[in-house]
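Participant: Let me begin by handing over the structure; questions about it come next.
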Amino acid sequence: MAGERDLRIFLRVSGTISLLAIFAVFMPRSMMDAAARLLGLGSMPATPIFEYLARSESALYAIMGAMLWVLSFDIRRFRPLIVAYACFYLLFGVTMFGIDWRIGLPTWWIAIEGPIVVILGTATLVLLRRIDSTR
């Protein structure tokens, strides 16, 4: 079905993008610092906890990407998990928007990160609804 195919592609594209975070897990600290400076976020603090959080968050994004690939192989079977993922992602996007604003990240970052996550969660639910309406 076209609806399932569209959702499968969407989950795999989203999953692949999230999987790219695996590079940050193994990236040299100097490259992480250069990336932060390039993005206008200042220099990366030279503390173990900051590096731990940056690398572990990247690992979680990569795991989430792998999970999306797994879910994409059987949309019907994993539908409840896909719904849960989408709902949690909506909540995560709103939370990230609040965190980004609260800690004073650049305006461009605040305007992109949380809203994109909300859009991805919403798109997942819309694609699922399309499948349900064709049954």
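The values are calculated or read from the model by the stated rules, or taken from the named source; none is laboratory data. Quick caveat, the model's predicted, so the values are computed rather than measured. Cβ placement follows ideal geometry from the backbone for every residue including glycine, while neighbour counts extend to all protein chains displayed.
Participant: Show the residue pairs meeting these rules: Cβ distance below 7 Å; 6+ apart or different chains; first residue within segment 59-78 and under 12 Å from Glu4 (Cα atoms) and in contact (Cβ under 8 Å) with a residue 40 or more places away in the chain; second residue buried (at least 16 other Cβ atoms within 10 Å of the Cβ) and of a type in the set (D, E, K, R).
Facilitator: What qualifies is Ser72/Arg8; Ser72/Arg12; Ile75/Glu4; Ile75/Arg8.
Participant: Of the numbered conditions (1) hydrophobic (A, V, I, L, M, F, W, C); (2) touching a residue at least 24 places away in the same chain (Cβ under 8 Å); (3) closer than 20 Å to Met67 by Cβ, Met96 fails exactly one; give the number of that condition.
Facilitator: Among (1) hydrophobic (A, V, I, L, M, F, W, C); (2) touching a residue at least 24 places away in the same chain (Cβ under 8 Å); (3) closer than 20 Å to Met67 by Cβ, Met96 violates only (2).
Participant: Still on this structure, I have one more. List, please: which pairs have Cβ atoms under 6 Å, are six or more places apart or on different chains, and start with a residue in segment 1-24 that is touching a residue at least 24 places away in the same chain (Cβ under 8 Å) and end with one that is basic (Lys, Arg) and part of a helix (DSSP H, G or I)?
Facilitator: Gly3/Arg130
Participant: From the list Ala84, Ala35, Ala54, which residue is exposed (fewer than 15 other Cβ atoms within 10 Å of the Cβ), modelled with pLDDT under 95 and either touching a helix residue (DSSP H, G or I) at 6+ places or on another chain (Cβ under 7 Å) or of a type outside the set (Lys, Arg) (or both)?
Facilitator: Answer to the check: Ala35.
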